[in-house]
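Structure record follows, encoded as structure tokens.
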Amino acid sequence: MHPRRIGLKTPLLPLLACLALGAPTIHRLAYADGSAPRNAGLHKDSRSAEQARDRAVPPGKSVKGQNPGQRVWQKPEALLKKLRELAKAKSTARWAEGVLDGTQALGAALDGKTGQPASAIGELLELNRQVPKLAAGIEDREVRRKLYETGYALARRLDVWQGVVGLRNASAADAAATKPDRMRLVACLDQVEALIGNSPQSRGWRDYLLLDALKKRSGREGMLDSPAGYRLAQQALARMTQSPLTSDQRQFVTSPAVVALADQLRRWAAEPVGMAALLGDLERYERTDRPSDAGRLAEDCEHLRAASTPARRALCQRLDAHYRNANLRVAVSEELLNRLIPERGVEYAPVNDTVLGRPVHGRSEMASEVALRMLPDPHRVRLALEVTGRIAAETTGDAGPARFVNDSQSYYVARKPLEINMQGISLWPAEVEVHNQTRLREVETDLDGIPLIGSLAKGVARTQLEMSSSAADQEVRRKIAAQARQRVDAEARQRLGELVERLNRQMFEPLSSLALDPQMIDGGTAPTRFTMRLRLAGEDQLGSHTPRPQAPADSLASVQIHESVINNCVERLELNGRTFTLLALSKHIAARLNRAKLCQLSPEAEDVRITFAAKDAVVVHCREGRVEVTVSIAELARSPQRWRNFRVRAFYRPEVHGRSAELKREGVVQLIGRLNMTGQIALRGVFSRAFSKNVPWQLVPERIRKEPKLKDASIRQFVIDDGWIGISLGPQRQFLRTAARAQ
């Protein structure tokens, strides 16, 4: 029996995290006419074109970032800094010095100066395997934390370095990126043109997808292999994959014909990636954690992904595993889900039915309970909506000259299995078990007043009832089973339908409008909870690259979110280099998030104009117990005053009160740049109100904070470190300020 899928056109992501820890849910704006986007993605085109001019390389020339005789090795400065700190501690000095020496030896080997790279990597791998044993003997908690953090940083680099060595050892033919198949590209363009047809929207889609320019360039041999060809392919591909689209538009660009065209464009846009440039981009991102540097490394991954050679694709897989890893993890327990389900009262109803063709009437009392049960599966998120019911009835059955007064007790269990995945919620048919017991209380006949004959008539009636009792019981159980199926189906429609609508409206629509591409990295169901690890990132963005904090084992629910989720969303707001009035900025962000209104502005702020920096306009970092928010501004003007080229930085620390978890501003708002005293005073007042201490960021929904059935629960963990925010809800016990790390 095939499952039925409901409701979610966009991926179903942290399904019950929103119930458990209260991420508010999000709105899909449907364009019923399926029209092509008008201005979406134009800023991406310009960025792609600029990057293509800097980085695209015609065939026959040296690959990007790598000239003949140029060194491949790029010093891992962020890792070396961690190692030098550990070298100062007596307990880790020998290990850190060994890794420093091994890293230096690997660099020399990669540049062909000494030895074999594989030998140096083997020695570093052995040192990294010593980390757990070494950490077990260290009493200083801070040194132990730094050792684990450094060990993880070394491990992800070692995997990438192994891929680089493998690529160096590959054949010369294995070092070139794929050339597009011109005829296949032409065929894909023809298929997309046929799909568009002559509809009123066809001209819009032709312009948006650059079909005429693509057809012209693909029409002649050799026209693809040029910087202009690379730029055109990158521009068209960006419009398909990185631009905000409505649900109908997204449905169009994910159709098989357009997906096939995108695959050919990736091959066309792929340029040879030099290992020196790749390692340089990687180490720059490790050092800064800036979204702009993340974009350069993500671009390298895209080029490797489009390559035809196994060695390059293998290196891309290593980079994806470590730098495009899951950046959101959700775990929700069965106990929490069932605590949040409202209790049902007893229902009373008249009985008017037939059994074996004979009328039955009376009254019934029904009590039922609704619960969600985990269906253990190591690779899928599977649950069952379960309705358990008891029906007590007093009925009279009319069999012509005889009437039977019965008491009955019926019990049923109806289970409706479901699976949560990236396509939505799949529902399977309900499974029902029914048990029924009927006790005859009294027999009445029309001959009861006649001596002897009345007793004989009752005896005959009892005999006939016993003869038909088995068939009657089967019919009653079938009817109860049918009612149970209707009840569990109704519960599924009501509860899951409302949830899907809320998630679509308040969460997944904004993700789609921001051109993020949610992917489930893995998920599974244990006997008491389910977990989902997800990546929220476009193809031109990264995920997490550091180990997440582990939640307490007894958590009712837990969420770990990496700073890349926030930065990816902010980047999609398209603020870099743009100028807004504050009113226009508020409307712009509200539109990108599909919100009717973002905030109320005071009248005196209407003439303020803000120009954001050309890159990394807003960056969020999560480290050392606090969240750091930096806004880079090229110009802020309010006639007659004007301030240029400064940054605003605010820090937020976690606060916990029972089931409430908040981020509250710490200290003063920092202003970084050449500002005189008058400017410092004026701007500090403005941004102190924008980042108000009196308005903390509440991370737990009101329902969780005020749910009476959770009065014995509290926030057990609220940690901010190494790029992650980790929150867990659990039994009221000691609050945990630190966490073990897990990949």
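The values are calculated or read from the model by the stated rules, or taken from the named source; none is laboratory data. None of the values given here were measured: they were computed from a predicted structure. As a convention, Cβ positions derive from the backbone with ideal geometry for all residues, glycine included, and neighbour counts pool all protein chains shown.
What's the number of the only condition in (1) surrounded by fewer than 16 Cβ atoms within 10 Å (Cβ to Cβ); (2) acidic (Asp, Glu); (3) under 21 Å from the mean Cα position of the chain (by Cα) that Glu343 fails to meet?
Glu343 satisfies all of (1) surrounded by fewer than 16 Cβ atoms within 10 Å (Cβ to Cβ); (2) acidic (Asp, Glu); (3) under 21 Å from the mean Cα position of the chain (by Cα) except (3).
Go over the candidates Ala260, Ala277, Ala321, Ala349 one by one and state the one that is small (Gly, Ala, Ser) and crowded, with 19+ Cβ neighbours inside 10 Å. Working first, answer last.
Values: Ala260 fails: crowded, with 19+ Cβ neighbours inside 10 Å; Ala321 fails: crowded, with 19+ Cβ neighbours inside 10 Å; Ala349 fails: crowded, with 19+ Cβ neighbours inside 10 Å.
Only one candidate qualifies: Ala277.
Please tell me if Ile672 is among the β-branched types (Val, Ile, Thr), at pLDDT 90 or above and surrounded by fewer than 14 Cβ atoms within 10 Å (Cβ to Cβ).
Spelling it out, Ile672 is indeed among the β-branched types (Val, Ile, Thr), at pLDDT 90 or above and surrounded by fewer than 14 Cβ atoms within 10 Å (Cβ to Cβ).
Across region 214-253, which residue is farthest from the chain's Cα centre (by Cα) among those that are modelled with pLDDT of 80 or more and either surrounded by fewer than 17 Cβ atoms within 10 Å (Cβ to Cβ) or among the acidic types (Asp, Glu) (or both)?
For region 214-253, the residue satisfying everything is Lys216.
Just need a number here: residues in region 369-388 that are farther than 18 Å from Pro429 by Cα and assigned to a strand (DSSP E or B).
2
Within the bounds of region 401-409, is there any residue that is more than 30 Å from Arg382 (Cα to Cα), aliphatic (A, V, I, L, M) and buried (at least 19 other Cβ atoms within 10 Å of the Cβ)?
Within region 401-409, the subset more than 30 Å from Arg382 (Cα to Cα) is 401-409.
Cutting the leftovers down to aliphatic (A, V, I, L, M) gives us 402, 405.
Remaining after also requiring buried (at least 19 other Cβ atoms within 10 Å of the Cβ): 402.
Looking through region 401-409, at least one residue is more than 30 Å from Arg382 (Cα to Cα), aliphatic (A, V, I, L, M) and buried (at least 19 other Cβ atoms within 10 Å of the Cβ).
Going by what's in this entry, would Ser632 be described as surrounded by fewer than 14 Cβ atoms within 10 Å (Cβ to Cβ) and of a type in the set (S, T, N, Q)? Steps first, please.
Working: surrounded by fewer than 14 Cβ atoms within 10 Å (Cβ to Cβ): no; of a type in the set (S, T, N, Q): yes.
So Ser632 does not fit the description; no.
Sort out which residues of region 327-361 are assigned by TED's automatic domain parsing to the domain that holds Ile391, in contact (Cβ under 8 Å) with a residue 40 or more places away in the chain and in a strand (DSSP E or B), and write them in order of number.
Listed by number, the residues that qualify are Val351, Asp353, Val355, Arg358.
Out of all the residues in region 674-697, which are in a helix (DSSP H, G or I), out of contact with any Leu (no Cβ under 7 Å at 6 or more places or on another chain) and among the hydrophobic types (A, V, I, L, M, F, W, C)?
Met677, Ile681, Ala682, Val686, Phe687, Ala690 - these are the residues of region 674-697 that are in a helix (DSSP H, G or I), out of contact with any Leu (no Cβ under 7 Å at 6 or more places or on another chain) and among the hydrophobic types (A, V, I, L, M, F, W, C).
Condition check: at pLDDT 85 or above and in contact with a helix residue (DSSP H, G or I) (Cβ under 6 Å, 6 or more places away or on another chain). Does Val413 satisfy that?
Spelling it out, it is not the case that Val413 is at pLDDT 85 or above and in contact with a helix residue (DSSP H, G or I) (Cβ under 6 Å, 6 or more places away or on another chain).
Just checking, does region 283-297 include any residue being touching a His at 6+ places or on another chain (Cβ under 7 Å) and not assigned by TED's automatic domain parsing to the domain that holds Val370?
yes
Please verify whether region 492-514 includes one or more residues that are at pLDDT 80 or above, surrounded by 18 or more Cβ atoms within 10 Å (Cβ to Cβ) and out of contact with any Gly (no Cβ under 6 Å at 6 or more places or on another chain).
yes
For region 254-299, name all the residues that are over 16 Å from Arg157 (Cα atoms), of a type in the set (D, E, K, R) and either modelled with pLDDT of 90 or more or not in a helix (DSSP H, G or I) (or both).
Within region 254-299, Glu271, Arg290, Asp293, Arg296 meet the criteria.
Please work out which residue is nearest to the chain's Cα centre (by Cα), limiting yourself to region 287-301 and to residues that are surrounded by 20 or more Cβ atoms within 10 Å (Cβ to Cβ) and farther than 19 Å from Val570 by Cα.
Only one residue tops the list, namely Cys301.
Go through the residues of region 719-731 one by one and say whether even a single one is under 27 Å from Ala614 (Cα atoms), hydroxyl-bearing (Ser, Thr, Tyr), surrounded by 12 or more Cβ atoms within 10 Å (Cβ to Cβ) and within 29 Å of the chain's Cα centre (by Cα). Spell out the reasoning first.
So in region 719-731, the residues under 27 Å from Ala614 (Cα atoms) come out as 722-724.
If we keep only those that are hydroxyl-bearing (Ser, Thr, Tyr) as well, we get none.
No, because not a single residue in region 719-731 is under 27 Å from Ala614 (Cα atoms), hydroxyl-bearing (Ser, Thr, Tyr), surrounded by 12 or more Cβ atoms within 10 Å (Cβ to Cβ) and within 29 Å of the chain's Cα centre (by Cα).
Condition first: among the polar types (S, T, N, Q), within 60 Å of the chain's Cα centre (by Cα) and either surrounded by 18 or more Cβ atoms within 10 Å (Cβ to Cβ) or at pLDDT 85 or above (or both). Can you find one or more residues in region 443-466 that meet it?
No; the residues of region 443-466 include none that is among the polar types (S, T, N, Q), within 60 Å of the chain's Cα centre (by Cα) and either surrounded by 18 or more Cβ atoms within 10 Å (Cβ to Cβ) or at pLDDT 85 or above (or both).
If a residue must be more than 30 Å from Glu193 (Cα to Cα) and either in contact with a Leu (Cβ under 8 Å, 6 or more places away or on another chain) or of a type in the set (Asp, Glu) (or both), how many such residues does region 250-277 contain?
To start, the set of residues in region 250-277 that are more than 30 Å from Glu193 (Cα to Cα) comprises 272-277.
Add one more test, that the residue is either in contact with a Leu (Cβ under 8 Å, 6 or more places away or on another chain) or of a type in the set (Asp, Glu) (or both), and what stays is 273, 275.
Going through region 250-277 one residue at a time, the tally reaches 2.
Determine which single condition Gln317 fails, assuming it passes every other condition in (1) in a helix (DSSP H, G or I); (2) of a type outside the set (Ser, Thr, Tyr); (3) within 22 Å of the chain's Cα centre (by Cα); (4) modelled with pLDDT under 80.
Single failed check for Gln317: (4).
Which pairs do you get when a residue that is without any contact (Cβ under 8 Å) to a residue 24 or more places away in the chain, found in region 76-91, comes within reach of a residue that is crowded, with 16+ Cβ neighbours inside 10 Å and in a helix (DSSP H, G or I), reach meaning Cβ atoms under 9 angstrom, with the pair 6+ apart or on two chains?
The qualifying pairs are Leu80/Leu100; Leu80/Thr103; Arg84/Ala96; Arg84/Leu100; Ala87/Trp95; Ala87/Ala96; Ala87/Leu100; Lys88/Ala96.
Does region 158-184 hold any residues that are part of a helix (DSSP H, G or I), crowded, with 20+ Cβ neighbours inside 10 Å and modelled with pLDDT under 85, and which are they?
Leu167
If you take the residues in region 649-674 that are among the hydrophobic types (A, V, I, L, M, F, W, C) and out of contact with any helix residue (DSSP H, G or I) (no Cβ under 7 Å at 6 or more places or on another chain), which one is farthest from Cys622 (Cα to Cα)? Walk me through how you get there before you give the answer.
Here is the first cut: in region 649-674, the residues among the hydrophobic types (A, V, I, L, M, F, W, C) are 650-651, 656, 661, 663, 668-669, 671-672.
Now drop any that are not out of contact with any helix residue (DSSP H, G or I) (no Cβ under 7 Å at 6 or more places or on another chain), which leaves 650-651, 656, 661, 663, 668, 672.
Details: Ala650: 12, Phe651: 10, Val656: 17, Ala661: 16, Leu663: 12, Val668: 18, Ile672: 20 Å.
Among them, the one singled out is Ile672.
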